[in-house]
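Some notes on the structure that comes next.
The values are calculated or read from the model by the stated rules, or taken from the named source; none is laboratory data. In this text, all values refer to a predicted model and were calculated from it rather than measured experimentally. Virtual Cβ from ideal backbone geometry, glycine too; neighbours counted across all protein chains shown. The protein model used for the area step is the full one, side chains on, heavy atoms only, and it has no ligands, DNA or RNA in it. Shrake-Rupley method; radii C 1.70, N 1.55, O 1.52, S 1.80 Å.
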Amino acid sequence: MADESIPRRRFLQGAGAAATALSTTLTAEAQPAPAAERAAAPQAGNEPLLTLTATEAAFLGAAYDTIIPADPLSPSGTDCGLVNYIDRQLAGAWGNGARFYRGGPFIPGKPEQGYQLSLTPREFFAAGIKAANEWSRKTYGKEFDRLSPADREAALKTMEAGKAEFADIGGKQFFEALLQSAMEGFFADPIYGGNRDKVSWRMIGYPGLPAAYADKALEYRGKKVVIEPKSIADFS
């Protein structure tokens with residue numbers, strides 16, 4: 001049975017296949033640490049936003065902190081830089097639909113066919129956040145980032161279940177994109193804006209660029225890796 005003392009796991013238990021993968025990763029190597037040993041929040045910094053509006057950033061920050069709240073395992077999603085991570089992604093080539101086929105016709109696809117919309121990822125996130133806030137106002141009387149933590153969790157679960165009625169796009173599809181971005185930002189190399197101060201790598205014992213540690217493979221075989229992790233920036 002999952003440890004109910006960690007709020008993150010209560011949310012992720014019902015968050016579908018992708019969330020199950022995230023929950024498994026979080027618990028594979030790490031165990032709750034004593035209060036005195038809990039991970040300190042990394043320095044947030046004042047990185048300016050490249051494309052997100054204040055409303056969009058507020059929504060994403062609230063969503064990421066619901067998916068990854070501060071707990072014995074790590075600081076919160078926003079303290080780990082997830083908003084900066086997705087902001088950079090949406091402001092770049094991927095966010096603008098580079099290498100996406102966008103000539104149509106666009107017809108409903110199956111989940112295994114991947115992304116099938118005419119919107120760029122930047123347009124999709126903008127439409128999803130707008131629709132989510134509209135649904136939140138209709139359902140709870142206020143926008144998502146102004147909800148209580150319990151209501152935010154309930155709202156995300158409703159989206160994940162496909163029961164949130166969004167205009168133009170699917171609430172479930174938006175939730176899955178949101179969750180995917182949270183996982184990417186939390187575990188990606190810090191050079192991309194998330195995983196600030198390598199907090200998630202330290203949490204699971206991941207040393208960073210694997211090719212740099214080939215000589216230690218035998219030393220750590222079957223053991224927890226305790227090497228200080230290295231990112232791309234550390235070798236630049």
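Determine ³J(HN,Hα), in whole Hz, for all residues of segment 86-102 in sequence, where each value follows from phi through the Karplus function 6.51 cos²θ - 1.76 cosθ + 1.60 and θ = phi - 60°; x replaces Gly and Pro.
Going residue by residue, I get 5, 4, 5, 5, 6, 7, x, 4, 4, x, 8, x, 4, 6, 8, 7, 10 Hz, with x marking Gly and Pro.
Please state the shape class of segment 133-189: rounded when a/c is under 1.5, otherwise prolate if a/b exceeds b/c and oblate if not, all from the C-alpha gyration tensor.
Oblate, because a/c is 1.5 or more while a/b does not exceed b/c.
Beyond 30 Å between alpha-carbons counts as too far, so tell me which of Lys142/Lys198; Lys172/Lys223; Lys157/Lys198; Lys110/Lys157; Lys157/Lys224; Lys142/Lys172 fall in that bin.
Beyond 30 Å: Lys142/Lys198; Lys172/Lys223; Lys157/Lys224.
Using a probe radius of 1.4 Å on heavy atoms only, what accessible surface per residue do you get for segment 159-236? Whole Å² is fine.
I get 54 Å² per residue for this part.
By how many nm would the segment from Ser118 to Tyr220 lengthen if fully extended, with 0.36 nm per residue of separation less the alpha-carbon distance?
Residue separation times 0.36 nm, minus the Cα-Cα distance, leaves 32.0 nm.
What order, most packed first, do the peptides 77-84, 50-57, 191-198 have when packing is the mean number of other Cβ atoms within 10 Å of each residue? Show your work: numbers first, answer last.
Working: 77-84: 26.1, 50-57: 16.0, 191-198: 21.2.
Listed from highest to lowest mean packing, they are 77-84, 191-198, 50-57.
How large is ³J(HN,Hα) for each residue in segment 125-139, as worked out from phi by the Karplus curve 6.51 cos²θ - 1.76 cosθ + 1.60 (θ = phi - 60°), to whole Hz, x for Gly and Pro?
5, 4, 5, x, 5, 4, 5, 5, 5, 5, 5, 5, 5, 5, 8
With all protein chains present and a 1.4 Å probe, how do Ser118, Ser200 order by accessible area, largest first?
Ser118, Ser200
In what sequence, largest accessible area first, do Leu209, Leu156 appear using a 1.4 Å probe?
Putting Leu209, Leu156 in descending order of accessible area: Leu209, Leu156.
Can you spot the aspartates and glutamates whose alpha carbon is less than 12 Å from Lys138's alpha carbon? Ignore those fewer than 8 places along the same chain.
In chain and number order, the partners are Glu165.
Name the long-range amide H neighbours of Lys230: under 5 Å, sequence gap of 5 or more, or other chain; modelled H, no Pro or chain starts.
So Lys230 has HN proximity to Gly208, Leu209.
Looking at segment 101-187, which trypsin sites (Lys or Arg not before Pro) are in a loop (DSSP not H, G, I, E or B) and have at most 16 other Cβ atoms within 10 Å? Please report the intermediate quantities before stating the final value.
On the way: sites: Arg102, Arg122, Lys130, Arg137, Lys138, Lys142, Arg146, Arg152, Lys157, Lys163, Lys172; in loops: Arg102, Lys142, Lys163.
Filter output for segment 101-187: Arg102, Lys142, Lys163.
Carbon and sulfur: what percent of segment 170-236's accessible surface (1.4 Å probe)?
Whole-percent figure for carbon plus sulfur exposure: 57.
On the full set of protein chains, 1.4 Å probe, figure out the accessible area of Phe125 and give it in Å² to the nearest 10.
10
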